[in-house]
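Notes for the one structure printed next.
The values are calculated or read from the model by the stated rules, or taken from the named source; none is laboratory data. Only a predicted model underlies this, so the values are computations on that prediction, with no experimental measurement involved. Quick reminder, even Gly has a Cβ in these numbers, built from the backbone with ideal geometry, and neighbours come from all protein chains shown. Just the protein is used for accessible areas: all its heavy atoms, side chains included, with ligands, DNA and RNA removed. Shrake-Rupley method; radii C 1.70, N 1.55, O 1.52, S 1.80 Å.
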Amino acid sequence: MTLKLRHQHWPVIMAASIKLFARRELRNLGKKNYIGSSHRRNPLFCRCLSHEAGDRNTHFGFETVPEEEKAKKVYQVFENVAQKYDVMNDTMSLGIHRLWKDFLLHVMHPQPGARLLDVAGGTGDIAFRFLEYIKSQEERLRRREARAMQTPSWQDISTNYSNEQGAEPLESKAVVCDINKEMLTVGKQKADSMGMTSGLSWVAGDAEELPFDDDQFDIYTIAFGIRNVTRIEQALQEALRVLKPGGRFMCLEFSKVSNPILSRLYDTYSFQVIPVLGEVIAGDWKSYQYLVESIRKFPDQEEFKAMIEDAGFYCVRYYNVTGGIVALHSGFKL
């Protein structure tokens, strides 16, 4: 196919080329730092380049659609699959998604009193794990205190006296935020069936325009959701805004497999098996075809790391899980 470029299109092309060059140069600069660190880029500079590109189209799987249509299409996808979402997660991943989410909590290692915002939290898997992890931490602390009181030292007596005189410890809270009300309904039903209501709230909201004030949360998580966002850069800016100084951003998402043999097997399974499972279990081939395609359109590990840095996060790093099928990205607001 031959593309005919009109004269008025050249400014758009030049702006996109400048953006690509700037991102490569900044990424090369960041690679000179030690592992686990990041050189902070200027988010305003990066956003300006993005706006200059003026691209009003985006991808919906392998399909190119206007930006304003993607959110509607994604909403419809998850509205269609909400009732079978958890069953399909178990089936598609052979249950391994549970281990991925457990790994996220292990790396997070939240402490009592932490406030979590789980965006695109859907049916609550991350929030439930967060509250259970906090509960186990609190129980561990109580056992440690009980053992210490059996043969207290003067330091223990002093510490206990200070705690008794101080304020009550802060309660840990988890807020599940999702744009899709059907997904939230399923999550609430799960929470009720598990008897898990304390410290948990559900909010309908858009990742690109969160309904929260600045500096509210200690931890922001988004698991297998950010690739469905229309403007990922805007969602990252919102994550930075609502986090407290010192707060942590954590994103669990499908990524790029490095091993060529595993990659071929993964592609075969994704395109030939997952849509069939979607049709058989959820009665929806197209939604799961989109989910498979959306994974391939999502930036790879290094590119997404650069996007997080561009948003203004520090100490950005990632962990490959299951050969890179999934990656966990982490960064801090300073």
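For the reader, a short list of remarks on this structure follows.
- Within-14-Å neighbourhood charge of Val273 [Cβ basis; K, R +1; D, E -1]: -1
- Counted charge near Tyr220, where neighbours are those whose Cβ lies closer than 11 Å (Asp, Glu -1; Lys, Arg +1): +2
- Simple point charges give the picture: +1 on the Cβ of Lys and Arg, -1 on the Cβ of Asp and Glu, and for region 199-319 a dipole about the Cα centre of about 460 debye.
- Sites Glu79 and Phe103 - FRET efficiency at Förster radius 30 Å, r taken between beta-carbons, to 0.05: 0.55
- Pair Arg231, Asp90: separation of 7 Å Cα→Cβ label points (nm): 3.9
- Distance between the pseudo-spin-label points of Gln216 and Arg296 (7 Å out from Cα toward the beta carbon): 3.8 nm.
- Selection from Tyr288, Ala311, Val326 lying farthest towards where the dipole of region 286-334 points positive, charges on Cβ: Tyr288
- Full extension of the chain between Thr268 and Ala204 gives 19.5 nm of extra length, using 0.36 nm per residue less the Cα-Cα distance.
- Accessible surface calculations at 1.4 Å, restricted to protein heavy atoms, place region 236-313 at 41 Å² per residue.
- Shape call, region 241-334: gyration tensor on alpha carbons, a/c limit 1.5: prolate
- Taking label positions 7 Å along the Cα-Cβ direction at both Thr197 and Glu303, the computed distance is 4.6 nm, reported to one decimal.
- Across region 217-325, the relative contact order, built from alpha-carbon pairs under 8 Å that are at least six residues apart, equals 32 percent.
- Legend: residues Asp86, Asp206, sorted from most to least accessible area (1.4 Å probe; ligands, DNA and RNA excluded), read Asp206, Asp86.
- Carbon and sulfur %, accessible surface of region 235-334 computed with the full protein complex present, 1.4 Å: 59
- Tail weight of P(r) past 17 Å, computed on alpha-carbon pairs of region 87-150, percent: 51
- Seen from Pro245, the other residues with C-beta closer than 12 Å to its C-beta sum to a net charge of +1, counting Lys and Arg as +1 and Asp and Glu as -1.
- Shape class of region 244-288 from the Cα gyration tensor (axes a ≥ b ≥ c, square roots of the eigenvalues): oblate, since a/c reaches 1.5 or more and a/b does not exceed b/c.
- Region 210-276 - Kirkwood radius from inverse mean 1/r over Cα pairs (Å): 14.2
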